[in-house]
Amino acid sequence: MIDINLIRENPQLVKDNIKKKFQDYKLPLVDEVIELDKKKREIQSEGDRLRAQRNTLAKQIGVLMREGKKDEAEEAKLTSKNNNDRIAQIEVETAELEEKIKKNMMAIPNIIADDVPLGKDDSCNVEGKKYLEHAEKPFEVPYHLDILESLGGIDLDSARRTSGNGFYYLTGDIARLHSAVLSYARDFMIDKGFTYCIPPYMIRSDVVSGVMSFEEMDGMMYKIEGEDLYLIGTSEHSMIGRFMGNILPETSLPQTLTSYSPCFRKEKGAHGIEERGIYRIHQFEKQEMIVLCKPEESDYWYEKLWNYTVELFVSMQIPVRQLICCSGDLADLKYKSCDIEAWSPRQKKYFEVGSCSNLTDAQARRLGIRYKASSGKNEFVHTLNNTVVAPPRMLIAFLENHLQPDGSVNIPPVLRPYMGGKDKIVPKK
RNA sequence: GCAGAGAUGGCGGAGUGGUCGAACGCGCACGACUCGAAAUCGUGUUACGGGCAACUGUACGGGGGUUCGAAUCCCUCUCUCUGCGCCA
């Protein structure tokens with residue numbers, strides 16, 4: 001959500017930004033907001049005047065009653081009562097206007113960064129730097145599910161019976177590897193100075209509607225029956241929700257947090273759970289990083305964050321690249337975003353393992369997360385989030401890249417302490 | 001889960017129908033004193049919105065109601081504390 005003052009003062013900038021994102025159908029929203037806002041302010045002035053009158057009258061009535069002037073007091077009461085009808089009417093109208101304005105404002109995208117490449121959709125995303133050369137494998141790399149099965153590390157059949165499609169049992173060394181990756185990633189971020197946090201895995205509807213749109217909510221979130229609770233789709237939801245409505249002291253910024261949680265997603269819509277395996281599932285685990293900082297520092301943190309993910313993957317000897325998200329593929333709340341993609345030796349291409357975003361003040365405005373600036377004014381913070389690692393998906397990259405001709409999978413040195421010293425996982429006979 | 005008490009500014013805490021956006025204290029900012037500091041004294045200090053401005057509106061956990069008028073009364077939800085019960 002952008003600042004309504006920006007629309008009042010510079011509607012052209014807002015419109016140009018919408019065009020840059022190829023959302024021309026949203027252009028009328030800007031003028032609509034301007035008009036609704038004008039109307040709202042007019043009506044609000046009238047309401048304020050009437051309320052001021054009511055306040056004055058109320059005070060007078062108090063005085064009259066004390067002086068025992070009953071008749072005059074009754075007369076004033078009547079005047080006030082008549083005013084109240086109009087005030088009530090104005091209140092309803094104002095609420096309606098505000099709701100319409102808010103609805104439009106939610107749909108108007110955040111102003112994107114100057115250096116975001118322009119493009120209609122994900123086909124226009126721009127490749128950034130690559131890290132680690134991917135060596136050609138001298139053998140055919142099987143589908144990740146086949147690798148997992150040969151290592152005795154997965155049971156999808158049982159999961160389908162207990163929970164349906166989109167769930168899995170990980171077993172033995174693979175399950176241990178999954179935990180090892182998370183533990184290693186957690187310690188990696190702690191070493192970078194981040195504060196480790198385990199958040200609630202369920203949140204209330206007011207938090208949910210603060211962090212996403214209704215459509216997103218419908219497509220992603222699982223609701224707990226009979227309770228005002230939803231399973232989180234990512235720990236970002238509860239991590240950011242934690243600061244809702246807060247005014248933070250300037251000295252507490254930046255907040256650099258790394259959180260662990262399981263993530264629950266319906267995955268309704270575009271893709272669904274059509275992919276065989278563990279690429280897209282209803283439940284997975286993720287280590288996340290979150291930063292709340294002063295506006296002038298968010299560009300700095302953005303670069304820092306995605307580079308941490310790169311560093312982490314490189315330390316596990318998995319080739320990755322940065323993919324810069326183009327204007328048309330950028331979600332409305334985002335100022336800038338990029339994916340970190342890992343190399344798949346089987347598909348001979350990169351695939352997404354994480355996503356880093358700078359939302360500037362758009363999310364903070366929506367959730368009322370501010371800080372007391374040294375100027376004395378309360379300003380909105382900037383929020384950023386990035387995947388440290390989401391093991392089930394990263395395991396695909398891991399297995400494919402570390403697979404040996406004999407079917408075993410090497411464990412890179414950084415993970416061995418978390419695997420009881422093991423340096424490889426070998427196939428089950 | 002049951003019963004009772006409670007939720008007020010950055011914090012503590014008064015206020016139980018009108019003159020309360022809110023005493024007092026802490027904290028913070030500025031100033032005085034000082035070579036400098038501590039202590040002390042003085043001044044200022046809730047947030048959000050409308051208006052060029054004077055000024056004005058709203059908000060006392062959330063929502064609703066009673067009233068000319070609500071921090072104050074009623075309903076409801078959430079949370080906290082105390083006691084009892086239950087339980088990893």
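A:G62: within 12 Å of RNA strand B (Cβ to nearest atom), touching a residue at least 40 places away in the same chain (Cβ under 8 Å), on the phi < 0 side of the Ramachandran plot and not charged (D, E, K, R), yes or no? It is false that A:G62 is within 12 Å of RNA strand B (Cβ to nearest atom), touching a residue at least 40 places away in the same chain (Cβ under 8 Å), on the phi < 0 side of the Ramachandran plot and not charged (D, E, K, R). Inspection of the stretch A:332-351 identifies at least one residue that is of a type in the set (V, I, T) and under 23 Å from A:C124 (Cβ atoms). The number of residues in the stretch A:65-81 that are surrounded by 12 or more Cβ atoms within 10 Å (Cβ to Cβ), within 7 Å of RNA strand B (Cβ to nearest atom) and within 26 Å of A:T94 (Cα to Cα) comes to 2. Return a yes/no flag: does the stretch A:347-363 have any residue that is touching a residue at least 60 places away in the same chain (Cβ under 8 Å) and part of a helix (DSSP H, G or I). Yes; the residues of the stretch A:347-363 include at least one that is touching a residue at least 60 places away in the same chain (Cβ under 8 Å) and part of a helix (DSSP H, G or I). Listed by first and then second residue, the pairs with beta-carbon distance under 7 Å, at least 6 apart or on different chains, first residue in the stretch A:232-255 and within 23 Å of A:E285 (Cβ to Cβ) and assigned to a helix (DSSP H, G or I), second of a type in the set (S, T, Y) and away from RNA strand B (no atom under 16 Å from the Cβ), are A:S235/A:S259; A:S235/A:Y260; A:S235/A:S261; A:M239/A:S259; A:I240/A:T383. Within the stretch A:158-198, the set of residues being among the acidic types (D, E) and free of Cβ contacts under 8 Å to residues at least 60 places away in the same chain comprises A:D187, A:D191.
Scanning the stretch A:199-218 for residues that are touching a residue at least 12 places away in the same chain (Cβ under 8 Å) and hydroxyl-bearing (S, T, Y) turns up A:Y201, A:S205, A:S213. The one condition from (1) modelled with pLDDT under 90; (2) of a type in the set (F, W, Y); (3) buried (at least 21 other Cβ atoms within 10 Å of the Cβ) that A:Y279 does not meet is (3).
The values are calculated or read from the model by the stated rules, or taken from the named source; none is laboratory data. None of these values were measured; they are calculated from a predicted model. Note that each Cβ is placed from the backbone with ideal geometry, even for glycine, and that neighbours are counted across all protein chains shown.
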